[in-house]
Structure formats: C-alpha cells, structure tokens
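The values are calculated or read from the model by the stated rules, or taken from the named source; none is laboratory data. Only a predicted model underlies this, so the values are computations on that prediction, with no experimental measurement involved. Cβ atoms come from the backbone with ideal geometry, glycine included; neighbour counts cover every protein chain shown. Side chains included, ligands, DNA and RNA excluded: accessible areas come from the protein's heavy atoms. Shrake-Rupley method; radii C 1.70, N 1.55, O 1.52, S 1.80 Å.
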Amino acid sequence: MSMFLNNAWYVAGWSSDLAPGQTIGRKFLGQSVVLFRTQSGVLGALEDRCIHRAMPLSQGHMAGEMIRCAYHGLEYDSAGVCTRIPSQERIPSKARVRSYPVQEQDAAIWIWMGEAERADVADIPRHAMHQDPAWAWRGEHFKVAGNWQLLIDNLMDLSHLPYIHPHTIGGDPDTHFRAKTVAERSDNGVVVRRHMPNSPPPPTYVAAKGFQGPIDRWQEIEFMPVMLRIHTGACDVGTGAYEGRREHGFSMMGFHGITPETEKTTHYFWSMATNILTPGVVDTVFEQTALTFKEDQAVLEQQQLRIDENPLAPLVDIGTDAGGNFARRQLEALMRAERATLSPAA
Amino acid sequence: MSMFLNNAWYVAGWSSDLAPGQTIGRKFLGQSVVLFRTQSGVLGALEDRCIHRAMPLSQGHMAGEMIRCAYHGLEYDSAGVCTRIPSQERIPSKARVRSYPVQEQDAAIWIWMGEAERADVADIPRHAMHQDPAWAWRGEHFKVAGNWQLLIDNLMDLSHLPYIHPHTIGGDPDTHFRAKTVAERSDNGVVVRRHMPNSPPPPTYVAAKGFQGPIDRWQEIEFMPVMLRIHTGACDVGTGAYEGRREHGFSMMGFHGITPETEKTTHYFWSMATNILTPGVVDTVFEQTALTFKEDQAVLEQQQLRIDENPLAPLVDIGTDAGGNFARRQLEALMRAERATLSPAA
Amino acid sequence: MSMFLNNAWYVAGWSSDLAPGQTIGRKFLGQSVVLFRTQSGVLGALEDRCIHRAMPLSQGHMAGEMIRCAYHGLEYDSAGVCTRIPSQERIPSKARVRSYPVQEQDAAIWIWMGEAERADVADIPRHAMHQDPAWAWRGEHFKVAGNWQLLIDNLMDLSHLPYIHPHTIGGDPDTHFRAKTVAERSDNGVVVRRHMPNSPPPPTYVAAKGFQGPIDRWQEIEFMPVMLRIHTGACDVGTGAYEGRREHGFSMMGFHGITPETEKTTHYFWSMATNILTPGVVDTVFEQTALTFKEDQAVLEQQQLRIDENPLAPLVDIGTDAGGNFARRQLEALMRAERATLSPAA
C-alpha cells in the first residue's frame, strides 16, 4: 500500500471540467499539477509551482496560449517553458517546470505521471459508450479519504453488495451467496464474471426497467491498470442474457477511473451509462449509483482509519478476493518492474 | 506521561450505553475496541477490526449472538472467533480477533486491556450507591483532550476549587487555604481527607440543601487505580460531621472512571450521587457538577497544549500535590512492575 | 527558512490591545508568551506556562500588580518571580518563569525574544506618524499561515501590485514594468526606491485624493530587521514629488511589524497612515489597504502550501528580487552571527 504505479495513464478529470481559458489545481500520485486548456483549446498539465517563489500556477490565469502566474506574472507554455518574465528581457534557461503528457479521449482527460518517454496515447483504454448515442450517461468526481487499492478491492469483489448496498443494487443476500464467480487474468488485466440466474431483481433494476418477475443477472468486471469497467445488468429469465442477447434487457456500464491523490486519498472519476434511453431513467440510474458509491466511500474511509492505526497488521483473504488479488498481484508486478528500470542512484 | 497501566480494570461505558443488539466503537489505551451486547444480553469486547479488510466491526450489526461485519458479512462470536464467512464453507483457523475481558458491575461496563489471564472480576471496585435506593444519581461520559494523569492530578488536589469553580462547589478561597489536608497511602491506593469546619457553604450546597448558616464540610478522596471516588458534603456546624453522623447532612458521592483513550485524550465516565432524594435535587446537583467538570476539562486541555509544546519541561510540585504525587508514584510502581513481567523480546 | 532572528525587537501587539488588568496569550518565534498590563499600567511579558502544572498563565487574571494562575492561584510579578503559592508559606527559589523585555513605543508593544542582556530599547525603530496630528492612521493584526520571510519578500518587491492588487493600489501594469527600481543597503537595513513619473493614478489614489490627470508616483521601502516602513504616494505631474515637495500630494505611510509566530505562521501588525485628514479618507485608505493585504495573505498561504510539499526545491530569482534578496542576505548574516555567539553546548 506504500507506493504508486507511475507509468500508467490515469484519469485526471472530465473533458467538461475545463473550458478554454480555465485552470484547475489537482494532486495526482502525490504531485501537485495544474491542468489547463488554452484559449485555442489545447490541454496542458504542468507542475503546479512557479519556479520563482513557489506560487501555485493554478491560482493564475490563461493569457492566450500561456498560463500566467498570479503573483509576478511569469508565463509558461504547455511544455512548461517560461516564456515571459515581466520587467526583464532575459529568461534563464532553468526557468521551466515539469510538464506531463496529457490526452483527451472519450470525454475524459488522461494524464501520465511517470517517465514521459514511455507514454503512448494508444495505450489509453477506450470507453466508446461515452460517444455512442445508444447509451445515456453521467459522470462524477468523488474524493475518497482512502488508499486507491482499497477502491480496487471494493470493485473487484462485489460480494459486498447485499451488505453495503441493500437499498439500491444489492438485493437479496442469498442470490449473491449462490452466485458462481469466475476470476481470470486477461492479456493486460483481470476479468471477473459473476452470474445470478433466475434471481429476484434488486431495487435499482426495478426502478429503471420495471422487471415484474425473476431475472438472469450478470456482473462482468474488467480491470485494466489503473481503471475498471463494470458491466452489470439483467434480462427476464431465459431470454438470452448468457448467450449474448442483452439489448432487450437492462445494462449499467460503469467506468471507474481510480487515480491516487496521495497514499491515503484517491480521486474517483466514475460514470454510469445505461441502454435505457427513456427520459428520466439515466437520472434515476445515476442518482442511485451515486448513493451506492457514497456507501462504498464511507467503507473505504473507515478501513483507512483502521489501517492507519496499525499499518503492518496482516489482512486475511477469503474466497471472493480471487479477482481482487489477481489485480493486486498484477499491480505489484508492474510496480516492481518499474522500480527495476530506475537507475540505482534514483 | 508516556504510557498506560495495562493490567487494570477500566470503565468502558455505562450499562445503559448498550441495549441488546447494539454496538459501540471506542478506543481505550490506544486500541480500538468494539463493545456490543448480543440479542440475549451477553456483553462482548473485541478488537475493532475485521481480519479480512480491516473494516471496523463497530460499523456492523448484531446478528443474534454474533457480530457481523458491515462489509462482507463475516461473523464473530464474543470470544473473537470468526464463525461465518459468507460464500465459503471453510473458516481459516487464524480467522479471529482479540477479545478483551469485560464485566458489568454497579451500572458500569468494565474492561481489562492487559493480559487476559491476570483479569479477576473480583478486583473491580464496587460502587454500591449505583444500586442503593438511599442514593439518587446520574452518570455522564466526557471526552477530554488531555492526558489521563492530568485528570487524576486534578481530582487529587481540590485546592483548585476556589479558582476554577467559584460559582458551584468552590466558594470562599480562605476556607480552602485554611483547610488541613491529610494524604495517606492505603492498601491499594491513596486516601486524601480535607476538613473545612465552621465554613460558609458554597453555592451548590445552598442550592441542594438550603444551608442557612456555617457548615462543617468534608472532602474525602479514595484513589484505587484507575478510578477515584470522592465523597464531599457538609452538615450544620457541630452536628457530627466529623464523628460519622452525616445522614442528616448533604452528601455528594462522586464516581470517576478515568480511562485513557490515547496518550493525549481521556474518557471520563463520571457519576454524581446525592443522599437528598427531594424531587429535583439530584438534577440540580448533576447539572452543577457537569458545569464544574466542564470547567476542569477546559483546564486539562489547556495544560495539554502547553505540555505538547515542550513535553520535557519540568513541573514544580507544591504542598497540595501530596495526594496526587502519592497516586503518581503508585501508578509508576505498577507500570514498572508490569513492564518487568514482560519478556525481554517484547 | 528554518529559523528565527532572536536578538531583535518585534512588534508583539498594539498598545490598545491591553487595557490595565488585561492579559493576552500569543506565540512569538515558537514560544508561548503571556502579555499583560498590571492594574497600575505596567506592561509584562512572561513565558505562558505556570511552573506548577503547565497551565497557561494567559488563562489567568491580574491580581493588582501580579498575574495569578487560573488553576491553583500561583502569582507572578513582571520579572517572572513567583510571589505567592496559596496554602503554603515557602516559595521555592526555582519558582519563576522566563520574562521577556517588553517596551511600549509609538502605539505599539515591542518584545525581545532573544538574550535579554542584549536588549536596548534605544534600538526600537521609531514611527512618529503614530503620534503626529499631521497624520491619520489605523492599525490591524493579521495572522498569516505562511513563513515570515515570504511576507518580507512580498513587501520588498512591489512588482506584484498590478497582478495581485489591480483593484486598489496596483493600477496599470505597464507603469510598473517601466518603473526603475533602485535597491541599496543602508546602515542597518535595505532601502528600495521606485519612481513612476507621469503615470495614471491607481483606484485607491483617485478615491483618496481625487487626482484628475497623470501623477508622479513613488514607492520607498525601508527594511529595518524585522519591520518595514513603506512610503507610497503621488503628486500631480511636475509639482515636486521627486524634489522633496510632497505635502500637497497624497501619502500613504505603511508600518509593517512582521513577527514570526512559528516557522509557518506569522503575526502581521500593520498600520496605514495618510496625510489627507479630510473626514472619511483615512477610513477609505484603511479599508482598501486591508483588502489589499488580505490579497497578499492569500498569496503567502498558497506559497507556503507548495513549499511544505517540497521544502528543498530551489527558488529561481528574477530581477525585481534585488531588494528582497538584500534583506534575506542581511537576515542570514544576522542569524549566522547570532548562532556564532552561542556557546558550543547550546
């Protein structure tokens, strides 16, 4: 729990967070970053500290294509190079701040906090539902006072649903206990599949789709460091849910951008999309999901309090941790490999 | 000021804090504990951290005789043994949390945070007034942002009464200065006696008993690690207060359960009983005592702020510290003995 | 940024902060001090911690010429000698707290936190405007959550005015960029002069003096460790501002008492005086100055947050830092000299 995976694409925000000419200060992986969009629409991400007197650049303003420090007016371009120091002609060559690779894709802003030369925008996970008129969606940004891996654990093991979320997506405990869970490594991540055939529909499902009788329900989780996609949903019993015919059913497609802020706090950029386009349904689904994820947030924050009291105390795994443990081991391997590439001096 | 006495009975709460089926999370001696009462009425006290993912058990609920974790539904019995892991048959043998000896007596819940094999419920101090119809009483629970020994100092040296509590139990300063104080070690603690013959009654005494003239007043403190009992009161002058005839006078019998929460914060479980059963008097006495103890709380918190600034700066004793110093020395001896019984490796 | 200059006079408060019989607790250079004025009017400054049980003396009350501890009534004179311990005759010789040299001058209370034998009240900077009917003034006390040297930097380099204070004393940026700045060491400090001839008047100047056309404007800064005086103002163009004829113009004479509270927090005792005695003008000038200095405070607090994140990261100087760097170097020399006089054991 003591470090980060640096060489990875992380969600830094939603595209809609930054209109042209706007700036935002956020911390990722323990580093303070200013995100901005220039007047012409170019995204930038710089170390959020002016080289002169450490003023956060996020307190400044866009001056055309440059970001201007609020204190003495120094200006920087998107590469972090200081381009203007008022009251003097000469600009020292060391007058630059670190810049971070940043890319907009599928309505999200992605950032790479590690070695810039390893960043390849082709590696950013796609989430086409954010652009597809067959889906309606809403996005959110929670700040969670807990370690990022606790949030991954939470999402990889949905056996907590009947306990933490009985009023929304949880539903009947026995349905969950009987559910067969299959966790597998994939090429670049982990997949967990959980099917609950012929089971009673939970409250959110009834609210959104109006199920009258038992359903064939699925939960399918894809972990791709460091985000998750969770497809949950149901069809009326025996109508093809497990044979790939799901369009007539109810789908919730969750996007989970998990970006460590510090070792003990996490940005949670999530969205929820549904295939039910009836007016009002996406709002209902979003509101119930927000309520659900607030319940998870409370859990993570309680866990963190206990872990802080005794950080080295062991945790005991149970059977339903299989998928989460695959994810943890994959992350550990990636972090180990990353450390190995660093020079001994570093 | 840097440690605790572990092998001792501490007040963990009032009996009325826990109805059947309820749970409470509290920290004692730096350790997080969940207190609960099962549906059948049995008290339990466990380490407040689920073995699985460190969720506080106090966030959970009673399931009959078991406490169930809120997150994934693991259940534990009062001995701390995990008795159920939903979704799996096998329960690992290491699936248990620490349990603490706990006992209900005289309307209080007592806990033993040290070596369980040394806990003997016969050692719990009795406080019969909590069961005796000749006394009316009320209990309270304050959280004090100060070290526990500062609270013991406060209660062992009542020469602060005219300064801190002039509006309630303090009264005339000269009465206090003239009072002869006798501090003595007892078999298992310290006793301080302070008599103020032929003195003016303080405000609370007049409010409760209606004294018209001067009184023979007493303050008698018993320290039994780690609680105190303080009997204060008065009779009209010359009517037997110092010869054991006090029933016709006014008595306030204070119970002071002092339980360290951390090195810098303290649970203060106190009650005040009076022998005046006239309707309303116990409420007046309780309210004035609560006001008085809030004044003490403010003092302790100010002291702690200064001590934190300079923890090693010496303190200078004065004459009225005799009783408090006996208590400190007794505690030091007990803590030293306790450390000596630990193995060198620990 | 890691230490203080101890042997210097610092502003501890305004004379009006302490009426006879009043006490105030404040921290200077990391040390908690009680300031008081006895019933007869004598100022005192003592370590704010009773020798007995560490109670802050500032929680106590004046008993005539003595300050009495709130807890057990110990009394101290202005030299810090304990003069009374209720309930006992003998007062131990070690019963004394540290006293600090303190002096009232020009409406401010000055304190010396270093070696008392080096304190000479003749070294306290005069600020005669506080006593001169030709000037009207108001004083304030801000608490700034930033290091004291950041505040000195701020005041020594006024090129931030057009960026941080455009709505009050800043005005047109080009005026500032064209201004020639001369920074020089003086006998016991630093002087910075900045002239802006034939320039448009900023908002506060128009509000106070009603300038109709361009002005000859000046900014003259005197740094005398550890306070600053800043004289700013203007006359109509060509009417003698730079030849010493300023009485017919508009003057703002700022007094800046900068007293470290801790390494990361600073007392800012400032006043603003003006030569315009028309009713209402001093209030306008004070209010606009308070607004201006609140803007500076926000800057300093943002800087401190970034510096805390990475205290060793370098800062890059720019040309306008000349005066501020003279001040920093002078402070460093004084602090180095101060450390050299300490015995090796200390």
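Summary of values
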item: Neighbours by Cβ (under 8 Å, 6+ apart or cross-chain): first from segment B:286-311, small (Gly, Ala, Ser); second modelled with pLDDT of 95 or more; result: B:Ala290/B:Glu140
item: Failed criterion for C:Phe293 (all others in (1) within 14 Å of chain A (Cβ to nearest Cβ); (2) farther than 18 Å from C:Asn6 by Cα hold); result: (1)
item: Conditions (1) within 21 Å of the chain's Cα centre (by Cα); (2) over 17 Å from C:His267 (Cα atoms); (3) assigned to a helix (DSSP H, G or I): number failed by C:Arg185; result: (3)
item: Only one of B:Leu331, B:Leu277, B:Leu300, B:Leu305 that is in a helix (DSSP H, G or I), away from chain C (no Cβ under 14 Å) and under 25 Å from the mean Cα position of the chain (by Cα); result: B:Leu331
item: Segment A:255-278 residues that are small (Gly, Ala, Ser), paired with ones that are open to solvent by 10 Å² or more (accessible area, probe 1.4 Å) and assigned to a loop (DSSP other than H, G, I, E, B) (beta carbon under 9 Å, 6 or more apart); result: A:Ser271/A:Ala107; A:Ala273/A:Asp132; A:Ala273/A:Trp135
item: Among the residues listed as B:Gly73, B:Gly114, the single one being within 25 Å of A:Leu150 (Cα to Cα) and either free of Cβ contacts under 8 Å to residues at least 24 places away in the same chain or part of a loop (DSSP other than H, G, I, E, B) (or both); result: B:Gly73
item: Some residue of segment B:97-107 being within 14 Å of another protein chain (Cβ to nearest Cβ) and either buried (at least 18 other Cβ atoms within 10 Å of the Cβ) or not small (Gly, Ala, Ser) (or both); result: yes
item: Test: residue in segment C:60-70 that is within 14 Å of another protein chain (Cβ to nearest Cβ), open to solvent by less than 10 Å² (accessible area, probe 1.4 Å), assigned to a loop (DSSP other than H, G, I, E, B) and in contact with a Cys (Cβ under 8 Å, 6 or more places away or on another chain); result: yes
item: Residues located in segment C:76-96, provided they are within 11 Å of another protein chain (Cβ to nearest Cβ), part of a loop (DSSP other than H, G, I, E, B) and buried (at least 18 other Cβ atoms within 10 Å of the Cβ); result: C:Ile85, C:Pro86, C:Ala95
item: Among the residues listed as B:His195, B:His176, B:His160, the single one being touching a residue at least 24 places away in the same chain (Cβ under 8 Å) and either in a helix (DSSP H, G or I) or within 19 Å of the chain's Cα centre (by Cα) (or both); result: B:His160
item: Candidate set from segment A:122-157 (those that are within 17 Å of the chain's Cα centre (by Cα) and among the acidic types (Asp, Glu)); member that is nearest to A:Pro101 (Cα to Cα); result: A:Asp123
item: Matching residues in segment C:184-210 - criterion: being at pLDDT 95 or above and touching a helix residue (DSSP H, G or I) at 6+ places or on another chain (Cβ under 6 Å); result: C:Val190, C:Val192
item: Criterion: within 14 Å of chain C (Cβ to nearest Cβ) and more than 26 Å from B:Met3 (Cβ to Cβ) - qualifying residue of B:Pro166, B:Pro197; result: B:Pro166
item: Counted residues, segment B:199-210 - those being of a type outside the set (Ser, Thr, Tyr), surrounded by fewer than 23 Cβ atoms within 10 Å (Cβ to Cβ), free of Cβ contacts under 8 Å to residues at least 60 places away in the same chain and touching a Gly at 6+ places or on another chain (Cβ under 9 Å); result: 1
item: Test result for A:Glu263, within 24 Å of the chain's Cα centre (by Cα) and assigned to a loop (DSSP other than H, G, I, E, B); result: yes
item: Segment B:310-325 - residue that is touching a Lys or Arg at 6+ places or on another chain (Cβ under 8 Å) and open to solvent by 40 Å² or more (accessible area, probe 1.4 Å) and, of those, farthest from the other protein chains (Cβ to nearest Cβ); result: B:Asn310
item: Condition check for B:Ala119: in contact (Cβ under 8 Å) with a residue 60 or more places away in the chain and under 13 Å from the mean Cα position of the chain (by Cα); result: no
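To keep it simple, each residue is scored yes or no on (1) within 14 Å of chain B (Cβ to nearest Cβ); (2) in contact (Cβ under 8 Å) with a residue 40 or more places away in the chain; (3) of a type in the set (A, V, I, L, M, F, W, C).
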| site | (1), (2), (3) |
| --- | --- |
| C:Asp17 | no, yes, no |
| C:Thr23 | yes, yes, no |
| C:Thr38 | no, yes, no |
| C:Arg49 | yes, yes, no |
| C:Leu57 | yes, yes, yes |
